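In what follows, a structure is listed as structure tokens, so that the remarks can point back to it.
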Amino acid sequence: MIDLLRQFIGYREYPKYGIVRRYFVYKQALLKEAEQLVQAGVIRETEDMYYLTFAELHEAVRTNKLDYRIISTPHSREWDGRVY
């Protein structure tokens, strides 16, 4: 019984590994979109996308327009608990 436990104990971490791996792929795709927004002049830096909700980022990608005041005061979101 102990041998089986030792053999299969690593599988308990496998679902977390899969989730983290997928999030990395999602992050890379979002950073590519952010880079295109930088090239289009919609945002100043790729890291600015971290201050947007997914809906705001989707709208910016769709329209190539963004109210930059959303990003210009990122600390305002920290204080009301909405850091994205």
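Return the residues of the stretch 25-42 that are acidic (Asp, Glu) and within 13 Å of the chain's Cα centre (by Cα); say none if nothing qualifies. Before you say what the answer is, go through the steps one by one.
In the first step, residues of the stretch 25-42 are kept if they are acidic (Asp, Glu); the result is 33, 35.
Selection gives GLU33 alone.
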note = Subset of the stretch 6-24, residues over 21 Å from GLU56 (Cβ atoms), within 13 Å of the chain's Cα centre (by Cα) and of a type in the set (Phe, Trp, Tyr), comes to PHE24
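Do the conditions hold for GLU59, that is, is it touching a helix residue (DSSP H, G or I) at 6+ places or on another chain (Cβ under 8 Å) and surrounded by 11 or more Cβ atoms within 10 Å (Cβ to Cβ)? Step through it out loud before you land on a result.
Numbers: touching a helix residue (DSSP H, G or I) at 6+ places or on another chain (Cβ under 8 Å): no; surrounded by 11 or more Cβ atoms within 10 Å (Cβ to Cβ): yes.
Answer is no for this residue.
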inquiry  = Pairs please, first residue from the stretch 34-56 and modelled with pLDDT of 90 or more, second anywhere and part of a loop (DSSP other than H, G, I, E, B), Cβ atoms under 6 Å, 6+ apart in sequence or on different chains.
reply    = LEU37/ILE43; ALA40/ASN64; VAL42/ASN64; VAL42/LEU66
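If you go through the stretch 32-65, how many residues are among the charged types (D, E, K, R) and touching a Ser or Thr at 6+ places or on another chain (Cβ under 8 Å)?
Taking the stretch 32-65 and keeping what is among the charged types (D, E, K, R), we get 32-33, 35, 44-45, 47-48, 56, 59, 62, 65.
Retained after the next criterion (residues that are touching a Ser or Thr at 6+ places or on another chain (Cβ under 8 Å)): 35.
Residues that pass the stated criteria total 1.
The values are calculated or read from the model by the stated rules, or taken from the named source; none is laboratory data. Everything numeric here is computed off the predicted structure, so don't read it as measured data. Cβ: placed from backbone, ideal geometry, glycine included. Neighbour counts: every protein chain shown.
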